[in-house]
Amino acid sequence: MDGASSLKRHDSRMIIHFDYDCFYASVFEAENPALKNQPLAVQQKQIIVTCNYEARRRGLYKLQLITEAKKVCPDVVTVLGEDLTRFRNASKELYSFLRKSIWSGQAERLGFDEVFLDCTDMVNYNIDILNHNDLPHSFFCLDQSDPTVGFQYDASEPFGPTYPPEAGAVSDQDLQLYRRLVLGSHLARYLRHELEKEKGYTATVGISTNKILSKLVGNLHKPKSQTTLVPPYDASASSESHVTTFMDSHDIGSIPGIGFKISQKIRARILGRQPAFDEGLVYGGTKEKVTVRDVRTFVGMGPEMLEEILGGPGSQRGIGGKIWGLIQGVDDVEVSQAKKVPSQISIEDSYTRLDTLDEVRKKLNLLSNSLIRRMHLDLTEDDDDAENAEHGILKRRWLARPRTLRLTTRPRPAVNPDGTRSRSFNRISRSLPMPTFAFSLTENVHALADRLVQDSLIPCFRKLHPERSGWNLSLVNVAVTNMAETAADSKDSDGRDISRMFRRQDDVLKEWRVVDEDVAPHLTDDVNDLLEGSVDVDVYSEATPPTSWESDDEVQDNMDVCGRCGLSVPSFALLAHERFHQMPD
DNA sequence: ACTCCAAAA
DNA sequence: TATGTTTTGGAGT
């Protein structure tokens, strides 16, 4: 199979990409509207991570050094943005607003300020109810169970700018896709306006049929605007594909999924030499610029050649074919379903000098405190179960518990023989099973953090840096990963809440408990707790290997995994668990 | 499971 | 990777 024939377009989806305008700056402006009229820059350490459009008008830009920014624009208002809490909170709020505005649940966050929405179902539904005799007075229905909920729109043309700007006649071949994109563009307009009206944030939006195209096309008109990539998406005898012309115009390194390493390898092949330093387009101009078109039309280019350029140990399998698709706007990756818990939480800070164990301990303490707070924020929810909400006290319950704790550092590289300091960004890490005491919801956070540092992180640090001195760290990161969802939150494929049903079948299980006391008496109380939704003992977590620094845990063994639902259950309860599966609703 | 790397914001 | 912080996903072991 050759390259061209292995590429097939799938343009039946409707993907809308949201990018909130200068997000960090907008969060501060939302808190303090007086800032809107002034050039505003958000600072982390020595750089500006974002600035508002007033600041951009005066020559400031992202990732600019503070010193330079002050020179260019002395009256810039600078705010510190190293604590990400407010950004994370705003991001979550906007995200859930968008997610609940669509039907599919396919809403994927990328960083704090971008969201992909799969609106295929909404658009298809509204295509079907179109009155083709009066397209300019159409009604976009937003609720299948209530035909009065929605907005009026003109379905005869797209809303807002398109790529290319001047649309030619639409061929019969392209008519279906065109109409769906028209509807997508009006839905995008509606969602943007709702976001601004309800939440006060503006966004820039792209509308197309997959993630890469909607994301890239959105960049054409910013801020507070949107762009729709209109057909033809396929080349034909009469016209070239708009997708190809659009993708061709990009620098190879500006394609999402093609980062620094991959773009440098590709540039080297196209130029026939090592490309000069980094991006080439900021300073260099035309000399180092390698466009998608340069790559696509290079003699012999195809998935095989890309595989040869990019393949090898450490690289993704099938990388050639993947990149070959990307540069032509082919991307069949689904917009992922909303996730209830993150797969990792990490906290880090960078330092100019960190070379004593005492200082390290202090920093680890700060990091651990925020880490535990983050775990509570993101991994627990209110336990509104009637059986637990005694005396009006709202308890929290773990949605998921991380099984792994990881410590990462970035050692400052030693000075070279010639005295130069070679900059390194290499990190090293060690991980270890998460100690279970960290899941206590009753103990005070400071105490937990102290214990985490003392019992886990310091021993781990010694493994990472066995030398008692000589090191100097430029960064420390503490992370929890490997989330195990707790039973309380797990839903089976039918959406039934397993733990709730467990509780309902309490009486069925009672007889088993009596029998079981002979087998595993020390487990009984924990199982009772489990059945009542208690939060403090983790009967469901997988067995962790015993380690020297972690002693006090006896509830880990004798577990089995149910072949039906994958849940871990105590071995003695497996039969009862299987019986539960057979019970009628 | 553990460690590192690449990429993204 | 000019610069910062956090998250995801993949590969090799």
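Some points to look at:
- Long-range neighbours under 9 Å by Cβ, at least six apart or interchain, first residue farther than 11 Å from A:D294 by Cα and open to solvent by less than 50 Å² (accessible area, probe 1.4 Å) within segment A:258-275, second among the aliphatic types (A, V, I, L, M) and within 12 Å of DNA strand C (Cβ to nearest atom): A:I262/A:L310; A:I262/A:I319
- Residue list for segment A:89-103, restricted to those being open to solvent by less than 30 Å² (accessible area, probe 1.4 Å) and either within 16 Å of DNA strand B (Cβ to nearest atom) or in contact with a Ser or Thr (Cβ under 9 Å, 6 or more places away or on another chain) (or both): A:A90, A:S91, A:L94, A:Y95, A:L98
For every residue, the table says whether it meets (1) in contact (Cβ under 8 Å) with a residue 24 or more places away in the chain; (2) assigned to a strand (DSSP E or B); (3) within 16 Å of DNA strand B (Cβ to nearest atom).
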site	(1), (2), (3)
A:V115	yes, yes, yes
A:M122	yes, no, no
A:N126	yes, no, no
A:N133	no, no, no
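- For first residues located in segment A:328-352 and under 30 Å from A:R412 (Cβ atoms) and within 16 Å of DNA strand B (Cβ to nearest atom), partners that are open to solvent by 80 Å² or more (accessible area, probe 1.4 Å) and basic (K, R) and lie 6+ apart or on another chain with Cβ distances below 9 Å form the pairs A:S350/A:K45.
- Long-range neighbours under 7 Å by Cβ, at least six apart or interchain, first residue at pLDDT 95 or above and part of a strand (DSSP E or B) within segment A:15-32, second open to solvent by less than 20 Å² (accessible area, probe 1.4 Å) and charged (D, E, K, R): A:I15/A:D118
- Those residues of segment A:44-72 which are part of a strand (DSSP E or B), under 17 Å from A:Y20 (Cα atoms) and away from DNA strand B (no atom under 14 Å from the Cβ), in sequence order: A:C51
- The residue of segment A:328-351 that is nearest to A:S370 (Cα to Cα), among those that are within 10 Å of DNA strand C (Cβ to nearest atom) and either touching a His at 6+ places or on another chain (Cβ under 9 Å) or among the β-branched types (V, I, T) (or both), is A:I347.
- Flag if A:F151 is open to solvent by less than 20 Å² (accessible area, probe 1.4 Å), under 23 Å from A:D332 (Cα atoms) and at pLDDT 95 or above: no
- The set of residues from segment A:89-107 being touching a residue at least 24 places away in the same chain (Cβ under 8 Å), assigned to a helix (DSSP H, G or I) and in contact with a strand residue (DSSP E or B) (Cβ under 9 Å, 6 or more places away or on another chain) comprises A:A90, A:S91, A:L94, A:L98, A:R99, A:S101.
- Residue ID - farthest from DNA strand C (Cβ to nearest atom), chosen from residues in segment A:62-88 that are open to solvent by 50 Å² or more (accessible area, probe 1.4 Å) and more than 30 Å from A:L367 (Cα to Cα): A:D75
- Residue match in segment A:114-121 (condition: within 16 Å of DNA strand C (Cβ to nearest atom) and either at pLDDT below 95 or surrounded by fewer than 14 Cβ atoms within 10 Å (Cβ to Cβ) (or both)): no
Every residue, every condition in (1) assigned to a helix (DSSP H, G or I); (2) within 15 Å of DNA strand B (Cβ to nearest atom); (3) assigned by TED's automatic domain parsing to the domain that holds A:G314, yes or no:
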{"position": "A:L187", "(1), (2), (3)": "yes, no, no"}
{"position": "A:E194", "(1), (2), (3)": "yes, no, no"}
{"position": "A:V205", "(1), (2), (3)": "no, yes, no"}
{"position": "A:K224", "(1), (2), (3)": "no, no, no"}
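- Complete set of residues in segment A:460-486 that are touching a Leu at 6+ places or on another chain (Cβ under 8 Å), in a helix (DSSP H, G or I) and open to solvent by 40 Å² or more (accessible area, probe 1.4 Å): none
- Residue match in segment A:336-358 (condition: assigned to a helix (DSSP H, G or I), among the polar types (S, T, N, Q) and not assigned by TED's automatic domain parsing to the domain that holds A:E93): no
- Against the numbered list (1) surrounded by fewer than 16 Cβ atoms within 10 Å (Cβ to Cβ); (2) assigned to a loop (DSSP other than H, G, I, E, B), A:Q176 comes up short only at (2).
- For A:L377, the requirement of being within 24 Å of A:F87 (Cα to Cα), away from DNA strand B (no atom under 14 Å from the Cβ), part of a helix (DSSP H, G or I) and open to solvent by 60 Å² or more (accessible area, probe 1.4 Å) is met.
- Residue that is farthest from DNA strand C (Cβ to nearest atom), among those in segment A:390-404 that are of a type outside the set (D, E, K, R) and surrounded by 14 or more Cβ atoms within 10 Å (Cβ to Cβ): A:W398
- Residue that is nearest to DNA strand B (Cβ to nearest atom), among those in segment A:226-278 that are among the polar types (S, T, N, Q) and farther than 28 Å from A:I15 by Cβ: A:Q264
- Every listed requirement among (1) small (G, A, S); (2) surrounded by fewer than 23 Cβ atoms within 10 Å (Cβ to Cβ); (3) within 16 Å of DNA strand B (Cβ to nearest atom) is met by A:G218 save one, (2).
- When A:H242 is tested against (1) modelled with pLDDT of 95 or more; (2) open to solvent by 20 Å² or more (accessible area, probe 1.4 Å); (3) within 14 Å of DNA strand C (Cβ to nearest atom), only condition (3) is not met.
Residues are listed down the side, and each one gets a yes or a no for (1) more than 15 Å from DNA strand C (Cβ to nearest atom); (2) modelled with pLDDT under 90; (3) not aliphatic (A, V, I, L, M):
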position: A:L407; (1), (2), (3): no, no, no
position: A:P433; (1), (2), (3): yes, no, yes
position: A:S474; (1), (2), (3): no, no, yes
position: A:S493; (1), (2), (3): yes, yes, yes
position: A:T524; (1), (2), (3): yes, yes, yes
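- Pairs, first within 14 Å of A:S236 (Cα to Cα) in segment A:167-180, second at pLDDT 95 or above and open to solvent by less than 70 Å² (accessible area, probe 1.4 Å), C-beta under 6 Å, six or more apart: A:V170/A:Y178; A:D174/A:P231; A:D174/A:P232
The values are calculated or read from the model by the stated rules, or taken from the named source; none is laboratory data. Since we're looking at a predicted model, the values are computed, not measured. Don't worry about glycine lacking a Cβ; one is built from the backbone with ideal geometry, like all the others, and counts go over all protein chains shown. Accessible surface is based on the protein model in full, side chains and every heavy atom, while ligands, DNA and RNA are left aside. Shrake-Rupley method; radii C 1.70, N 1.55, O 1.52, S 1.80 Å.
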